[in-house]
Amino acid sequence: MSDVSRKTHWERVYTTKGEREVSWFQENPVPSLELIGLAGLSIDASIIDIGGGASRLVDALTKRKIGKITVLDLSAVALDAARERLGDKGTDVKWVVADVTTWEPSQTYDLWHDRAAFHFLTDASGRSAYVGNLKKAVRPGGHVIIGTFALDGPERCSGLPIVRYDAGVLGAILGIEFDLMDSRRHDHTTPWGAVQRFQFSTFRRL
Ligand SMILES: C[S@@+](CC[C@H](N)C(=O)[O-])C[C@H]1O[C@@H](n2cnc3c(N)ncnc32)[C@H](O)[C@@H]1O
């Protein structure tokens, strides 16, 4: 999928569907919060949510006063929705409209979080660009949490083909600079009651 059609797809999704009309909606992002908690971040740690969209993770992190948060997404519409929802509580959040594969990180982060964005990169070139940016952006000692559909999860998401993962395959893609710290499965229930099998893997950069 070209960068243009990818952006068009996501802007259309967030323009035409309400928050609870998308399969990935989570009222409370419990698995991500648990894993971010395990990373033992300091109060001023920098966190980036890759493909954060209109997710409520930023609300939960802001409420708990965890870190300085950046949310990156292809869709300006999604980020505007999150920004509006947060209102005054979101004044310290940085919002970045970019494709993670072509973005130029301008700082480093203590934690990289991605729930259901990486799995859309079905070409090796896109995955390689993603990992290149992850390596530029995550400081040594920093954590990487990647949630994707599991090997027995759905084959499509938002009508697009995806790649399913387990921790071993993700670890091989990230390379030897990253140690696997935690790997777990999570059954996500969509707003209409379907169950989607996810895996969440946490790595630490050496
Ligand atoms: C399935 S949604 C998940 C949204 C959010 N992470 C959550 O858990 O609610 C996938 C998100 O990834 C974003 N996305 C897809 N490909 C992307 C890319 N190459 N760069 C940045 N964002 C991307 C989409 O715009 C969308 O918001």
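For region 61-100, build the charge dipole from Cβ charges (+1 Lys, Arg; -1 Asp, Glu) around the Cα centre, then report which of 79, 69, 97 sits farthest towards its positive end.
69
Roughly how many debye, to the nearest 20, is the charge dipole of region 92-206 about its Cα centre, given +1 on each Lys and Arg Cβ, -1 on each Asp and Glu Cβ, and no other charges?
60
Please get the size of the charge dipole for region 155-206, origin at its Cα centre, with Cβ charges of +1 on Lys and Arg and -1 on Asp and Glu, quoted in debye to the nearest 20.
Dipole about the Cα centre, nearest 20: 100 debye.
In whole Å, largest first, what are the principal axis extents of the Cα atoms in region 69-147?
Projected onto its principal axes, the Cα set of region 69-147 covers 38, 28, 22 Å.
List the residues whose amide H sits under 5 Å from the amide H of residue 157, counting only those 5 or more places along or on another chain, with H placed 1.01 Å from N in the peptide plane.
Amide H neighbours of residue 157, under 5 Å, 5+ apart: 162.
What is the percent carbon and sulfur in the accessible area of the chain, measuring with a 1.4 Å probe over the protein chains and ignoring ligands?
Heavy-atom surface of the chain belonging to carbon and sulfur, 1.4 Å probe: 53 percent.
With Kirkwood's inverse mean 1/r over C-alpha pairs for Rh, give me the Rg to Rh ratio of the chain, two decimals please.
0.92
Short version: ³J(HN,Hα) in whole Hz for each residue of region 103-116, in order, from phi by Karplus 6.51 cos²θ - 1.76 cosθ + 1.60 (θ = phi - 60°), x for Gly and Pro, what are they?
The phi angles translate into 4, 10, x, 10, 7, 9, 10, 8, 8, 10, 10, 9, 10, 6 Hz.
Separation of region 64-89 and region 92-107 by C-alpha centroid, Å?
12
By average Cβ neighbour count within 10 Å, what is the ranking of 113-123, 186-196 from highest down?
Going by the mean number of other Cβ atoms within 10 Å, highest first, we get 113-123, 186-196.
May I ask for the distance between the Cα centers of region 123-176 and region 1-36, given as a whole number of Å?
About 17 Å separates the Cα centre of region 123-176 from the one of region 1-36.
Suppose every Lys and Arg Cβ carries +1 and every Asp and Glu Cβ carries -1, with no other charges. What dipole size does the chain come out with about its Cα centre, to the nearest 20 debye?
It comes to approximately 120 debye.
Please compute the per residue accessible area over region 118-179 with all protein chains in place, 1.4 Å probe, rounded to a whole number of Å².
40
Does region 101-198 classify as rounded, prolate or oblate by the C-alpha gyration tensor (a ≥ b ≥ c root eigenvalues; a/c under 1.5 gives rounded; else a/b over b/c gives prolate, otherwise oblate)?
prolate
Work out the count of Lys pairs in the chain where the Cα-Cα distance is under 14 Å, with the pair 8 or more places apart or on different chains.
4
Net charge near residue 116: determine it from the other residues with C-beta under 13 Å of the C-beta of residue 116, scoring Lys and Arg +1 and Asp and Glu -1.
Result for the neighbourhood of residue 116: +1.
Which order do you get for 34, 84, 11 if you rank them by accessible area with a 1.4 Å probe, largest at the top?
In descending accessible area the options line up as 84, 34, 11.
The values are calculated or read from the model by the stated rules, or taken from the named source; none is laboratory data. Keep in mind the model is a prediction, meaning the values are calculated, not measured. Here Cβ is always computed from backbone atoms with ideal geometry, including for glycine, and neighbour counts include all displayed protein chains. Ligands, DNA and RNA are stripped out before the accessible areas are found, and what is left, the full protein with its side chains, is counted by its heavy atoms. Shrake-Rupley method; radii C 1.70, N 1.55, O 1.52, S 1.80 Å.
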